[in-house]
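What follows is calculated from the coordinates using simple rules that are stated; it is not laboratory data. These numbers come from a predicted model, not from an experiment. For neighbour counting, all protein chains shown are included, and Cβ atoms are generated from backbone atoms with ideal geometry for every residue, glycine included.
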Amino acid sequence: MHKPFAVLAVAAVLSSTCAFAADLPASEAPIAAAPVVEDTGRIFDEARFGVLTSVDSSDLNGEDGAFVTGMLLFDPWSHMEAAGWDRLLRPRIHVGGTIATEGEANQVYAGFSWTANVTDRFFLELGFGGTLHDGDLDIDDGGNGPKLGCRALFHEYVAAGFNVTDRWSVIAHLEHSSHANLCDGPNNGLSRGGVMVGYKF
């Protein structure tokens, strides 16, 4: 006797529930999370260190001993991510120094560097800038090393490197410093070459 009443009651409850649900506002679409930008806090892009020796054995230009050298490279314009001709406009910045082991000219230098990746492992590099040194300026200075004319010189280098891993590389390095006859005095120049090891941060 109560069965029809129970069926009607259940139907009424279901009907009211559906109507209530229809009146609810549509749920908003989930908001996509903002991409996380990794802040590496990196200042230096790469560090290099190595040993050079004089590559000019003439009486006027030859230097004795070895030269301990180090270089830091910065990449403020994303040179390593650029492609094609755009890479020429976005060089890395380098600063470095060379210490003589037998009393020859010590140097500090800075400039711009351009790197060309020939393959995933092999690369070529060119650098150009300026240097300050403490070597002999004129013949009257009495030393046996090159006579350099003035304290400030142009400094350029070429390099060929091999990436051993994603971070470590071995680099053949050849550099030259002179004033291109833009100041008075001799212009024997400094020509050095050797091997450097690089570490990318």
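Can you give the Rg to Rh ratio for the stretch 42-181, taking only C-alpha atoms and Rh from Kirkwood? Numbers along the way, then the final one.
Working: Rg = 16.3 Å, Rh = 16.2 Å.
Here Rg/Rh amounts to 1.01.
Exactly which trypsin sites (Lys or Arg not before Pro) in the stretch 140-172 are in a DSSP loop and have at most 13 other Cβ atoms within 10 Å?
Numbers: sites: K147, R151, R167; in loops: K147, R151, R167.
Within the stretch 140-172, the qualifying trypsin sites (Lys or Arg not before Pro) (loop, at most 13 other Cβ atoms within 10 Å) are R151, R167.
How high is the FRET efficiency between A47 and W85 when r is their beta carbon distance and R₀ equals 35 Å, given to the nearest 0.05?
On the way: r = 28 Å, r/R0 = 0.80.
In this case the efficiency is close to 0.80.
Within the stretch 112-149, list the residues whose amide N lies under 15 Å from a label point set 7 Å along Cα→Cβ of V95.
112-113, 130-132
What does the net charge come to around T101 if you take all other residues with beta carbon closer than 15 Å to its beta carbon, with K and R at +1 and D and E at -1?
Working: positive: R192; negative: E63, D64, E102, E104, D134.
Surrounding charge for T101 is -4.
In percent, what relative contact order does the stretch 73-187 have, based on Cα pairs under 8 Å that are 6 or more apart in sequence?
On the way: 240 pairs, mean separation 20.9, N = 115.
Value for the stretch 73-187: 18 percent.
By how many nm would the segment from W168 to V195 lengthen if fully extended, with 0.36 nm per residue of separation less the alpha-carbon distance? Please report the intermediate quantities before stating the final value.
Values: separation 27, 0.36 × 27 = 9.72 nm, distance 1.35 nm.
Difference between extended and current length: 8.4 nm.
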